[in-house]
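Okay, structure first, notes after.
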Amino acid sequence: MIANFHAKAINLARGARLVGVVDRTEDKVRAFAAKHKVAFWSTKLADLLARPDLHVICVTTPSGLHLEPSLAAIRAGKHLVVEKPLEITLARVDELLRAAEAAGVQVAAVFQARFGAGAQKIKAALQAGRFGRLVLCSAYVKWHRTAEYYQGSWHGTLALDGGGALINQSIHAIDLLQWFAGMPVEVFAWKTRRVHTRIEAEDTAVASLRFADGALGTIEGSTALYPGWRRRLEICGEHGSTVLEEDRITRWEFRRSDMGDEAVLAGQATSSMGSGASAPDQIDFQGHLLQIQDLVDSLLEGRAPALDGRQARKAVALVRALYASAEANAPVRL
């Protein structure tokens, strides 16, 4: 599913073209190549990496299988776009990043929610100091996944998903939260299998957060409830507060108004990114297009991508701290 988003985005990105595709199953890779009108396909990654006209590899394997194809691409001197999360443990994330830095290749990690117009407006207002001292900063991912979504799948497995509702479905919100408010310095979390009792990982988790500047916050993440609500972030400070639902700003209130405030809400009537609240295929590829376009532009301009691997590592570090706290039933410092 996600590989389709990448292919659509590549075909629409200025200065990019889809060179080839690899899958271990021949029937699948043939069908994928035909669908996206790409001539080259193979069941062996080495065949694709040998192409001199290939500059970037998109890694869209299951989360716990990101490292090995990434290392192969790095050895071949190819830049990377790696789906979220970069990997399922910090050790594997760091191995990937060290190899990329040693080889001088770029790693763009997919957190496409950062590229949305709503998220960008909030980040700019935070950087301008409009919120004053932050007080409460929270993320809520109250989603629905069917039993069939997990059945016979790598989803919800510890080996390939690295966890459940937090590291898979909630990680975009977790990344946005730390991008807006900074990394917490301490967390206390609980997790459970409330409905999807046959999976290895959690389907529901909550956490309390303490930030370095004294602000507090919460995270709630679940795939166990019906029908699934839009992802929501709340950033609340002494001088202003905002609510972001998916990429739509639904509240934008400040003690001192700015001439652009009315336009913020007026321009947020719809979100082009869709919502995965009820089903994963309901999101849109526009966010991937924005992020892949940024990588293409960064390579042509000789700069780092807007969201590189070191930044994406933070969300994995925060998720792993939440899991460590829940398993120890104790607070964890980051």
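Which of the following values of percent of Cα pairs over 28 Å apart was calculated from the structure shown: (1) 42; (2) 63; (3) 45? Entry (1).
Give me the extension gain from Asp281 to Arg303: residue separation times 0.36 nm, minus the current Cα-Cα distance, reported in nm with one decimal.
Working it through step by step, the gained length comes to 4.7 nm.
Compute the FRET efficiency between His55 and Asn4 as 1/(1 + (r/R0)^6), taking r as their Cβ-Cβ distance and R0 = 22 Å, and round to the nearest 0.05. It comes out at approximately 0.55. At a Förster radius of 56 Å, what calculated FRET efficiency corresponds to the Cβ-Cβ distance of Arg24 and Ala212, to the nearest 0.05? My answer for the efficiency is 0.80. Over the residues of the chain, the helix contribution to mean residue ellipticity at 222 nm works out to -10500 deg cm²/dmol, using -39500 (n - 2.57) for each DSSP H run of at least 4. When the alpha carbon gyration tensor of the range 2-112 is reduced to an equivalent ellipsoid, the three semi-axes, largest first, read 22, 15, 14 Å. For the chain, lysine pairs separated by 8 or more sequence positions, or belonging to different chains, with Cα-Cα distances below 15 Å total 6. Taking 0.36 nm per residue of separation and subtracting the Cα-Cα distance, full extension of the segment from His239 to Val195 would add 11.8 nm. Between Glu327 and Trp229, the modelled label-to-label distance comes to 3.1 nm, taking each label 7 Å out from Cα in the direction of the beta carbon.
Considering all C-alpha pairs of the range 180-304, those separated by over 25 Å amount to 48%.
Coordinate-derived values only; no laboratory data. Please read these numbers as outputs of a predicted model, since none were measured by experiment. In this analysis, Cβ positions are derived from the backbone assuming ideal geometry, glycine residues included, and neighbour counts consider all displayed protein chains.
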